[in-house]
């Protein structure tokens with residue numbers, strides 16, 4: 001099973017006539033591009049508008065065009081979760097689960113296989129301190145059937161049809177506060193890895209649609 005991801009490149013013409021890209025400041029993960037997972041039974045058009053709304057608060061967005069894709073972002077030792085699941089402490093369906101519930105679209109490093117289960121490791125980092133700090137580490141087990149080997153990312157260009165301030169804030173996931181802001185497309189804005197590569201992939205296409 002392939003798990004699809006979407007990335008929303010939201011643009012507008014700024015007050016001085018310059019093209020701008022909407023980014024947001026995550027309190028732990030740095031400057032990001034709105035992105036997320038296509039839910040089961042959801043088409044990518046609905047997913048990209050939903051993810052953009054959830055991470056920016058914008059509701060008046062239109063799809064300008066599909067910009068391309070990455071066929072598989074996973075390394076050989078990675079798997080992506082294809083259903084909401086809790087990580088188990090042992091390779092047994094009756095084992096004590098770890099908190100929290102992990103949603104479809106999370107990526108894990110994999111280890112040994114034991115019957116129908118796969119050992120996995122999950123890490124979260126606070127990217128802003130120097131050096132980076134690990135904020136969550138879990139080593140446990142998941143059913144092999146809940147893990148997929150293929151993750152495809154779709155790039156989509158959206159146009160903002162509403163008037164906004166240059167910067168604002170809204171509640172995000174895990175009790176975080178997201179701070180969307182408009183950045184000039186020239187020079188190319190800096191975003192966290194691997195999203196800098198996503199922007200590289202579509203940068204000239206975005207500039208050509210001025």
Legend entry - Single condition residue 111 does not satisfy, out of (1) at pLDDT 95 or above; (2) outside the structural domain of residue 183 (by TED's automatic domain parsing); (3) outside any strand (DSSP E or B); (4) in contact with a strand residue (DSSP E or B) (Cβ under 8 Å, 6 or more places away or on another chain): (3)
Legend entry - Matching residues, segment 169-210, being modelled with pLDDT of 95 or more, closer than 12 Å to residue 24 by Cβ and assigned to a loop (DSSP other than H, G, I, E, B): 169, 189, 191
Inset, instruction - Just need a number here: residues in segment 139-168 that are assigned to a loop (DSSP other than H, G, I, E, B) and either loosely packed, with under 15 Cβ neighbours inside 10 Å or in contact with a strand residue (DSSP E or B) (Cβ under 7 Å, 6 or more places away or on another chain) (or both). - result: 7
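The values are calculated or read from the model by the stated rules, or taken from the named source; none is laboratory data. These figures come from a predicted structure and were not determined experimentally. Methodologically, a virtual Cβ is constructed for each residue, glycine included, from the backbone with ideal geometry; neighbour enumeration extends over all protein chains shown.
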